[in-house]
1. The range 76-118: percent of C-alpha pairs farther apart than 16 Å?
2. GluC sites (Glu not before Pro), restricted to the range 56-118: which are DSSP loop and have at most 15 other Cβ atoms within 10 Å?
3. Find, among the GluC sites (Glu not before Pro) in the range 1-71, those assigned to loop by DSSP (not H, G, I, E, B) with at most 14 other beta-carbon atoms within 10 angstrom.
4. With charges only on Cβ, +1 for K and R and -1 for D and E, what is the dipole size of the range 76-118 about its Cα centre, in debye, rounded to 20?
5. Along each of the three principal axes of the Cα atoms of the chain, give the extent in whole Å, ordering the values from largest to smallest.
Amino acid sequence: MTKFQKRFNAKMKEWYDSDKSITNLFTTEYQRMLAYLWAFSEARKSEENISEIKEFGSANRKAIGDSNYDNLLRTRDYCCRCGETYRLENLSICVECDNLFCYRCNRRICGCSGEVVG
Ligand SMILES: [Zn+2]
Ligand SMILES: [Zn+2]
């Protein structure tokens, strides 16, 4: 199990235990976005508790709010490999080290062995 997966599972458990309290979601918009992208990534499809994972992922996405989420995706950032600037919506993100990858440099696993999502 990856570090992110452990964090995600711990948070998800807190959230369900708290009767889905908004205070037990991830704290920052960025973390909430990662949780959402991770929950809905291809790699999750074979998880046994996929419906719980998706519900928790969606709750994090919802807590950001639509307009904040759009703003977040519109921010520009650099690909960690080629240095090109893109909108965040066109970059993929390593959930462990926050490295960003453009579509040309994209990979499923980051150099830090973290999972790349988005
Ligand atoms: Zn690149
Ligand atoms: Zn990484």
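A short reminder: the numbers here are calculations on the coordinates, not readings from a lab. This one's a predicted model, so the numbers in the text were calculated from it and none came from an experiment. We place every Cβ from the backbone using ideal geometry, glycine too, and count neighbours over all the protein chains shown.
1. 20 percent
2. Counting only loop positions with at most 15 other Cβ atoms within 10 Å, the GluC sites (Glu not before Pro) in the range 56-118 are 84.
3. Counting only loop positions with at most 14 other Cβ atoms within 10 Å, the GluC sites (Glu not before Pro) in the range 1-71 are 47, 48.
4. Using Cβ point charges on Lys, Arg, Asp and Glu, the range 76-118 gives about 200 debye.
5. That works out to 44, 32, 20 Å along the principal axes.
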